[in-house]
Amino acid sequence: MTDTPTATRHATALPHPKALATLAPKKLLIDGRWVAPSSGKTFESINPATGEVLAHIAEANDADVDAAVTAARRAFDGVWSKTKPAERQRLLLKLADLIERDYDEFAMLDTLEMGMPISRSTAGKQRVAGMVRFYAGLATAIHGQNISNSIPGSVLSYTVKEPVGVVGAIVPWNGPLSQAVWKVAPALATGCTVVLKPSEQASLSPLKLAELIEEAGFPPGVMNVVTGAGAVGAAVAAHPGIDKVGFTGSTATGQAIVRASAGNLKRLSLELGGKSPDIIFADADLDAAVAGAAAAVFTNCGQICIAGSRLFVERKIHDEFVHRVAELAAKMRIGSPLDHATELGPLASRLQFDRVMSYINAGHEEGAQALAGGARADTGNLANGCYVQPTVFAGARDDMKIVREEIFGPVISAMPFDSVEEVVQRANNTPYGLGSGVWTRDVSKAHLVAGALKAGTVWVNCYLQLDAAIPFGGYKMSGYGRESGTEHMDHYLQTKSVVLKLA
Ligand code: NAD
């Protein structure tokens, strides 16, 4: 399979990859203007399917971050915090329309830059536009409370919700557009201004999102983008002019952000890593569970924070079930992310490839048996890309590295269990607590296990189902705060109490 744009044969609306790749070097968005970085430096964005340079992107430094924060503060104090909710809603709805209009380009950018199969990147249109519309709706639903009090005399007390101010949004590469929208849309809906720091491995669609925010008519300085490596994120996290950081990424970086934010006690919401359990009981619909267990890890080539990578299977069906998952894995189509038939593209970067291969090697060394995969995929035209075979390890144990640590690649570790109590205890025996899955036809058992799992989301007889209205986030070292749902807006709001003595 070649990396030629077969996608264009299937979906003629998609822009030709070469047309996107030859775009001029990308700049920073500061105060409504696209500017060169003050250092003059750029970095390369690499196509992980081919190893080719895709684009040159501005490398911001501390001075650029400072200019972006100053612009965001000016826009917050000057116009945006005073803009009426209905106007914020109107602009967000316009943005949603523009995202739909240009969605094919977004899909192509994410596919080229981080290897997301085009079938997946094009499928996200309604979810992403829907998210923006969800927060647009909430923009006009912000309210405080009138509170009865026991203060002597006639005293009126009420609360008002005010935007926290300037938000630093720091996002990863595994869903470049959706992760950026997930931070930016609620911030704008509440009346906050934004300094967005995309991942250095996937900056193109966040930059395109910023272009559309400009086109929609948001005032200058409301949205700013500083691109670059982790040091740029660190500068955002430490900047005294930023009131809140919304972060999605690894737990180690989340911890660094907690430390960096102490200077001005920033508010934080942290969506971090995971090592999620997927639990299959013998009474489950096994056809659905086999497909679900595979999708829970192989979607986006395993680069999903909620990957159900610890597969617990009730002993009496364990061997047959795991062989069926392995058979499915072995049949998956690995290839160019531009091909609509591809199910597994490359990993997002050489760094990620090396990391995942080191875990696969650790699995072999620790004695797990690879029933499927267990190696890089390097035949034919895959040789130059960061391709890894979808891997199913049987004979895994709770103390193995592949079971304890987040791999962020297409690797399942399967283990048998004998009782509900045992599997709950083992499922919870992790520092993480992001996603989890339970497959059973027994409603009582489903409720019991869902109640006992220490994870921000429990999927029962399904996996990976996300919705803008359903809160999402972590327990334990998977972070704190919830994205999606009405409570997401609270991260960007603060409560003021007004106590008024009546004459
Ligand atoms: P990462 O932590 O390496 O980087 C995330 C972002 O933080 C990038 O923009 C990076 O440049 C920036 N950054 C790096 N060092 C920084 C520092 N010291 N201070 C501030 N910012 C810094 O994560 P990644 O490799 O991009 O993404 C993969 C990780 O993200 C995985 O652990 C995955 O589980 C997690 N993730 C979590 C969720 C969730 O919703 N919980 C979603 C997607 C990904």
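For the chain, the share of DSSP beta bridges that are antiparallel, to the nearest 5, is 45%.
For D278, the amide hydrogen comes within under 5 Å of the amide hydrogens of R310, L311, F312, G437, counting only partners 5 or more places away or on other chains and with H modelled in the peptide plane.
Extension gain, W34 to R259: 0.36 nm times the residue separation minus the Cα-Cα distance gives 77.9 nm. Extension gain, K445 to R350, is 29.9 nm, computed as 0.36 nm per intervening residue step minus the present C-alpha separation. May I ask for the angle, rounded to the nearest 10°, between helix 125-139 and the longest principal axis of the chain, with both axes built from Cα atoms and the value confined to 0 to 90°? Compared with the principal axis, the helix lies near 30 degrees. When DSSP beta bridges are restricted to pairs lying wholly in the range 175-292, around 10% turn out antiparallel. Our coupling estimate for the range 199-205, obtained by passing each phi through the Karplus curve with A = 6.51, B = -1.76, C = 1.60 and θ = phi - 60°, is 5, 5, 8, 7, 9, 5, 6 Hz, Gly and Pro reported as x.
If you stretched the chain out fully between N361 and A469, how much longer would it get, using 0.36 nm times the residue separation minus the C-alpha to C-alpha distance?
Numbers: separation 108, 0.36 × 108 = 38.88 nm, distance 4.01 nm.
Gain on extension, N361 to A469, equals 34.9 nm.
Distance between the modelled labels on D287 and E87, one decimal in nanometres: 5.7 nm (7 Å Cα→Cβ projection).
Between L177, P240, A291, the Cα set farthest toward the positive side of the dipole of the chain (charges on each charged residue's Cβ, about the Cα centre) is that of P240. Phi angles of the range 416-428 translate, via the Karplus equation with coefficients 6.51, -1.76, 1.60 and θ = phi - 60°, into HN-Hα couplings of x, 9, 10, 9, 4, 4, 5, 6, 5, 4, 6, 4, 7 Hz per residue; Gly and Pro are given as x.
Mind giving me the nanometre distance, one decimal, between the label points for Q494 and R404, set 7 Å out from Cα along Cα→Cβ? In this crude spin-label approximation the distance works out to 4.1 nm. Estimated from the Cβ-Cβ distance and a Förster radius of 41 angstrom, the FRET efficiency linking K316 and A141 is about 0.25.
Normalised by 2.2 N^0.38 Å, with N the number of residues, the alpha-carbon radius of gyration of the chain equals 1.00. Between helix 251-260 and the chain there is an angle of about 20 degrees, using the helix long axis and the longest principal axis of the Cα atoms. The range 25-64 and the range 396-459 have Cα centres separated by 41 Å.
Relative to the dominant Cα principal axis of the chain, helix 443-452 is inclined by about 60°. Site pair N461 and A231 shows an inter-label distance of 5.4 nm when each label is modelled 7 Å from Cα along Cα→Cβ.
Across the range 345-359, rounded Karplus estimates of 3J(HN,Hα) from the backbone phi angles (6.51 cos²θ - 1.76 cosθ + 1.60, θ = phi - 60°) give x, x, 5, 6, 7, 4, 4, 5, 4, 4, 5, 5, 5, 5, 5 Hz, Gly and Pro being marked x. Annotation: the residues S199, S358, S119, S478, sorted from fewest to most other C-beta atoms within 10 Å of their own C-beta, follow the order S358, S119, S199, S478.
Each reported figure results from applying straightforward, stated rules to the coordinates on display, with no laboratory input. What you are looking at is a predicted structure, and each value in this text was computed from that prediction instead of being measured. Positions of Cβ are generated from backbone atoms using ideal geometry, with glycine treated the same way; all protein chains shown enter the neighbour counts.
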